[in-house]
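For reference, the structure discussed in these notes is given below.
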Amino acid sequence: MSQTNDHLVLISGKSATGKSAAMMGLDNQERIAYFNFENGKKLPFRSKMKQIVITDVMGQTLPTIQALHGNADYDGVIMDSLTFMMDMVESQYVLKSANTMKAWGDYAQYFINLMNEGVAKSDKFFIFTAHTSDIYNEAEMVSECMVKVKGSLMNNGIESRFTNVISTKKIPLNKLSGYENDLLIITPEEEMLGFKYVFQTRLTKETVNERIRAPLGMWEINETYIDNNTQHVINRLKEYYN
């Protein structure tokens, strides 16, 4: 029987929309393993998470995830970001391979194996971040916002591996009218700036070509926009699945 990890989320969005900053509100940061695929780039806040800088993506990532299984010192794992992780696979293995056809197959299999043998079998929660791009779909004649990777993974869609896909957005405050909820707090600074960084949890008529998704009933309509605080998402996953 295949295994799944109920506490698994993909946080996707354009650059500078608050993906990394959304980790600032996490509880018990010292109990979280933060996988850094961006050359040790510093987070935009003071973090207590235990940082693991990945320099050999195939050699380090899956073995380290498997080593965390059953480790009572850790509650969760942040993978920041999926986009840079797959870029690293391409640059370190595909482009250096004498057999590029086989290497592209290994590229796809790497991600599938990571999810099946590492994430699905883990007893930790997993948060992946990823950058989105606007891609023109010739068949549908529309521009779609999705996580861009290479090869067969792109054809199937990275998002298909996640039941929960949330998007980071920078939204004018007047667009948040009608979405009042306990997880959406407008601060005095945001009032002054006139916008807020948020998580979008559900599709709207303006975003039907994005790949936001969640199980039925996880988020109410008025919770379409919430604070970009990843702890809110983890709390809701626990409430929904447990």
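The values are calculated or read from the model by the stated rules, or taken from the named source; none is laboratory data. Keep in mind it's a predicted model, so treat the numbers as computed, not measured. Virtual Cβ from ideal backbone geometry, glycine too; neighbours counted across all protein chains shown. To get the accessible areas, we keep the full protein, side chains included, count just its heavy atoms, and leave off ligands, DNA and RNA. Shrake-Rupley method; radii C 1.70, N 1.55, O 1.52, S 1.80 Å.
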Could you say whether any residue in the stretch 218-228 is within 30 Å of M101 (Cβ to Cβ), of a type outside the set (S, T, Y), open to solvent by less than 30 Å² (accessible area, probe 1.4 Å) and not in a strand (DSSP E or B)?
-> no
Collect the residues in the stretch 53-84 that are over 20 Å from the mean Cα position of the chain (by Cα) and not in a loop (DSSP other than H, G, I, E, B), keeping them in residue-number order.
-> G59, P63, A67
Can you name the residue in the stretch 12-34 that is of a type in the set (D, E, K, R) and under 20 Å from I234 (Cα atoms) and is also least open to solvent (accessible area, probe 1.4 Å) among such residues?
-> K19
Quick count over the stretch 21-41, residues being modelled with pLDDT of 90 or more and not in a strand (DSSP E or B), is 12
Please work out which residue is most open to solvent (accessible area, probe 1.4 Å), limiting yourself to the stretch 152-193 and to residues that are in contact with a Phe, Trp or Tyr (Cβ under 7 Å, 6 or more places away or on another chain) and in a loop (DSSP other than H, G, I, E, B).
-> Y179
Answer yes or no: is there a residue in the stretch 35-42 that is among the basic types (K, R), free of Cβ contacts under 8 Å to residues at least 40 places away in the same chain and surrounded by fewer than 18 Cβ atoms within 10 Å (Cβ to Cβ).
-> yes
So V9 clears everything in (1) β-branched (V, I, T); (2) within 15 Å of I78 (Cα to Cα); (3) open to solvent by 20 Å² or more (accessible area, probe 1.4 Å) except one condition, right? Which one?
-> (3)
Return the only residue of I135, I112, I127 being under 23 Å from T55 (Cβ atoms), open to solvent by less than 80 Å² (accessible area, probe 1.4 Å) and out of contact with any helix residue (DSSP H, G or I) (no Cβ under 7 Å at 6 or more places or on another chain).
-> I112
The condition of being in a loop (DSSP other than H, G, I, E, B) and under 27 Å from I234 (Cβ atoms) holds, among V149, V198, only for V149
Which one of these does A120 not meet: (1) surrounded by 15 or more Cβ atoms within 10 Å (Cβ to Cβ); (2) in contact with a Gly (Cβ under 7 Å, 6 or more places away or on another chain); (3) among the hydrophobic types (A, V, I, L, M, F, W, C)?
-> (2)
Of the criteria (1) in contact (Cβ under 8 Å) with a residue 24 or more places away in the chain; (2) in a helix (DSSP H, G or I), which one V9 fails | (2)
Any residue in the stretch 54-74 that is within 30 Å of K196 (Cβ to Cβ) and either touching a residue at least 40 places away in the same chain (Cβ under 8 Å) or open to solvent by 60 Å² or more (accessible area, probe 1.4 Å) (or both)?
-> no
Out of S47, S15, which single residue is closer than 29 Å to I135 by Cα, at pLDDT below 95 and in contact with a strand residue (DSSP E or B) (Cβ under 8 Å, 6 or more places away or on another chain)?
-> S15
Considering the stretch 86-104, residues that are assigned to a helix (DSSP H, G or I) and open to solvent by 40 Å² or more (accessible area, probe 1.4 Å), and then whichever is nearest to A130 (Cα to Cα), we arrive at D87
Within the stretch 208-219, is there a residue that is of a type in the set (F, W, Y), touching a residue at least 24 places away in the same chain (Cβ under 8 Å) and out of contact with any His (no Cβ under 8 Å at 6 or more places or on another chain)?
-> no
